[in-house]
Amino acid sequence: MKAERKTLDRALSRAGVMSRKQAEQAIREGRVRVNGLRERDPSAWVDVSRDEVRVDEQPLARWQPLYLALHKPAGLVTTRDDERGRATIYELLKDIAAWIAPVGRLDKDTSGLLLCTNDTDLAERITNPTSALWKTYEVTAQGELDDAQLAALQGGVTLDEGPTREARVRLHSRESGVTRLELSIHEGRNRQVRRMLDAIGSRVLTLHRTAIGGVVLGTLAQGAHRKLRPHELRSLRGE
């Protein structure tokens, strides 16, 4: 059997038991045993294929990977605890007993599809720029954007850290001083869509994410969540 050596805190995180920070605390509190012995060093090495690791006397195998699609409303932040006391997405996940975390973020004023999981390997793949997963947004932009502005979005605009990759743009309408369009990008820069619109002399009025790779928000009700389907997981893994 292939060795799977990891530090103990990372092993707990990779198994989907809790975040790495939470794992460090649990280990120091004496809640973790390795081969029957209490281990208080988060950096202790373990081989999860051979060592018996238990948390609160439960084996790692008890924790199963969990993959959710959440329809995030505008007005919620994606952190677990907000220092400013704002409402968070975890208010919508109270029925989920397992530790789970959002994959990337949607800012407070953005609504739509947010993936949540305890599979840190998959989360890292999705957020890694090399995965090139397309993320699709419905955008309401200030002003009636002309064809040159739309072409600039599609070809790539220059942000502070450099030019963006080419995007996909589909115009819905431009009337009454606003433009409605679908914009797909395959990068994950901070507030990228909003900054792209700023770069062409416009401003995002509303922003709603509808898809990530092969996962589509569809008719999922606002504030609701569902488990990902097998074909959706395969698309996220690049299978």
Members of the stretch 34-44 found to be more than 20 Å from Ser19 (Cβ to Cβ) and either in contact (Cβ under 8 Å) with a residue 12 or more places away in the chain or assigned to a loop (DSSP other than H, G, I, E, B) (or both), listed by number: Asn35, Gly36
message: Looking only at the stretch 73-94, how many residues end up being closer than 20 Å to Gln22 by Cβ and assigned to a loop (DSSP other than H, G, I, E, B)?
response: 8
- request: For residues that are part of a loop (DSSP other than H, G, I, E, B), loosely packed, with under 15 Cβ neighbours inside 10 Å and on the phi < 0 side of the Ramachandran plot, tally how many sit in the stretch 190-216.
  value: 2
- request: Please name all residue pairs, on different chains or six or more residues apart, with Cβ atoms under 6 Å, provided the first residue is in the stretch 122-138 and is in contact (Cβ under 8 Å) with a residue 24 or more places away in the chain and assigned to a loop (DSSP other than H, G, I, E, B) and the second residue is of a type in the set (S, T, N, Q) and surrounded by 14 or more Cβ atoms within 10 Å (Cβ to Cβ).
  value: Trp134/Ser184
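Rundown of residues vs (1) out of contact with any helix residue (DSSP H, G or I) (no Cβ under 7 Å at 6 or more places or on another chain); (2) of a type outside the set (A, V, I, L, M); (3) within 18 Å of Lys135 (Cβ to Cβ), yes/no style:
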position	(1), (2), (3)
Gly162	yes, yes, no
Leu183	no, no, yes
Gly213	no, yes, yes
Glu232	yes, yes, yes
Residue list for the stretch 5-19, filter: surrounded by fewer than 20 Cβ atoms within 10 Å (Cβ to Cβ) and either modelled with pLDDT of 85 or more or part of a strand (DSSP E or B) (or both): Arg5, Lys6, Thr7, Arg10
query: Being touching a Phe, Trp or Tyr at 6+ places or on another chain (Cβ under 6 Å), in a loop (DSSP other than H, G, I, E, B), of a type outside the set (Gly, Ala, Ser) and in contact (Cβ under 8 Å) with a residue 40 or more places away in the chain, is that true of even one residue in the stretch 51-65?
result: no
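The values are calculated or read from the model by the stated rules, or taken from the named source; none is laboratory data. These numbers come from a predicted model, not from an experiment. Please note: Cβ atoms are built from the backbone with ideal geometry, for glycine as well, and neighbour counts cover all protein chains shown.
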